[in-house]
Amino acid sequence: MFPNSFNLGRLPFPSKHQQQSNFFNVLPVNIPPTLLSHQQTVVPPLNFRTAVLSRALLSGNLAATPTVTSTATLQPMTYGNVSPVSTSGALTSFQGRKRQSEQSVSHNVKRQRIDSQNSDTTVVNQAVPLPEERQHSFPGPISIQSPSFLARGSPALARCVPPLRDTLFPDPTEARLPLAKDALSQQVLELFQACRQQASDLNSKELCRTELQREIQLIFPQSRLYLVGSSLNGFGTRSSDGDLCLVVKEEPVNQKTEARRILSSVQKLFSTKLSSYIERPQLIRAKVPIVKFRDKVSYVEFDLNVNNVVGIRNTFLLRTYAFIENRVRPLVLVIKKWANFHEINDASRGTLSSYSLVLMVLHYLQTLPEPILPSLQKNYPECFDPTMQLHLVHQAPCTIPPYISKNGSSLGDLLIGFFKYYATEFDWSHQMISVREAKAIPRPDGIEWRNKFICVEEPFDGTNTARAVHEKQKFDMIRGEFTQAWRVLRDKKDLKCILPLGADELKR
């Protein structure tokens, strides 16, 4: 399934935007309601301890469940014209997550279909062909009257980006991967398959997000908590942290003052009422301040920001890039693992963030003599408009087809080419990496770009995502690793020569 699709399609601020859904809902005959993402329902009253116990059971980590001396029962939420969901008919996310019987769903619901003629937009993304047996697991819009049912696309919209699946319904069918044409390509594919984020990893993050949203909404009633970043953009690994964006209002938030005040309240909540479930909550006063914390049940590390909505926009842009060409995800994951192993993948220590690395890979694939990727923002400007209202962002890429490149290079050749490009071809002193333009462009003359060793343009707000690299020593180290990787792979064509750990060790 695709978490966040309901939240991003819902109107978090009903005072300005009250709309009715044009869609009807349908539950496929063979799919129980528990297949739904937790972000797609307005949830009935919940005992917080029951929620954590359910999460522990799901993650297989019951021993880590903390003892609770007091519990909080929450009241049903209402958003705009949405009525609270009754406990008898709604999806109760944390009461065991057992598969519900088909008989509990009315026959009429099973018979409904999306009214495609009256629909303004469609959530189904057509970027990658989806096997017939997987089509049912991608959720469509949820109507205001019945938020707990899964929408099914019409036959004409059957092909879409592979959904993020629920662990309760494992499916051996995978999105199509490229064929390995040589030994190096085979190593890249094997590492990708061993280390990519699993459905269970995503579920752990999503369940934590759901519970935290309920608690935070007691302080900020109109807020929404979104899971963003690598967890959803297609480039996540088993060790990826969770990124959360707390949207408290439509208007921009002053990150130096207002965001810090809001995060201080969140940190206090985590360190007091939720201290049995959340550990090490720490307020980091960066340019975009965050609260870092760890979920005691799943052991996942999280970063939570306030109203940094560009992260929601670029999550869906990167997810589209991830699935319009099947060589993109394996290549990105291996390069992220390589950078992490060589200690050049940590913005807090003056090296490259994972986001910058992903943009560097996309840029390289766009600038080949025969490009493997286009500029989505140039080709589909209406889908990635940086001024688009937030609740429409997830619907925008719905009609983008696969990108058919004439470039037949193998994964191994592309990996070597990536290192060669940044070791010998890219002009670090005068050029800026721009995925938006699909080319290297001259550096701007603004203050943010002066005296910076690496310039990577953020596709939506135009800031420098590599601004953390501000020391020449760190820059020289990064360039040296690129040069060394290119020379070794060019001669040896063996991934273990630059990434000597085995797949099992890297996965851990």
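The values are calculated or read from the model by the stated rules, or taken from the named source; none is laboratory data. Keep in mind that what you see is a predicted model, and the values were worked out from it rather than measured. Counting neighbours? That spans all protein chains shown, and the Cβs are built from the backbone with ideal geometry, glycine included. Just the protein is used for accessible areas: all its heavy atoms, side chains included, with ligands, DNA and RNA removed. Shrake-Rupley method; radii C 1.70, N 1.55, O 1.52, S 1.80 Å.
Worth pointing out:
- C-alpha center-to-center spacing [segment 175-192, segment 206-250] in angstrom: 32
- Förster radius 45 Å - calculated FRET efficiency between His430 and Lys273, Cβ distance, rounded to 0.05: 0.30
- The mean sequence separation of alpha-carbon pairs under 8 Å and at least six residues apart, normalised by the residue count of segment 199-311, gives a relative contact order of 26 percent.
- Neighbours of Ile447, meaning other residues whose beta-carbon lies under 15 angstrom from its beta-carbon, give a summed charge of +3 when Lys and Arg score +1 and Asp and Glu score -1.
- 3J(HN,Hα) along segment 429-436: 6, 10, 10, 10, 6, 10, 6, 4 Hz, from the Karplus curve 6.51 cos²θ - 1.76 cosθ + 1.60 with θ = phi - 60°, whole Hz, x for Gly and Pro.
- Asp303 - accessible surface, heavy atoms, 1.4 Å probe, Å² rounded to 10: 30
- Residues Ile335, Ile219, Ile416, ordered by accessible area of protein heavy atoms at a 1.4 angstrom probe radius and largest first, appear as Ile219, Ile416, Ile335.
- The mean sequence distance of close C-alpha pairs (under 8 Å, at least 6 residues apart), as a share of the length of segment 326-507, puts its relative contact order at 25 percent.
- Qualifying trypsin sites (Lys or Arg not before Pro) in segment 411-502, where qualification requires a DSSP coil assignment and no more than 14 other C-beta atoms within 10 Å, comprise Arg450.
- Residue among Ile262, Ser223, Ser298 farthest towards the positive dipole end of segment 199-311, charges placed on Cβ: Ile262
- Other residues whose C-beta falls under 13 angstrom from the C-beta of Thr387 contribute a net charge of -3, scoring Lys and Arg +1 and Asp and Glu -1.
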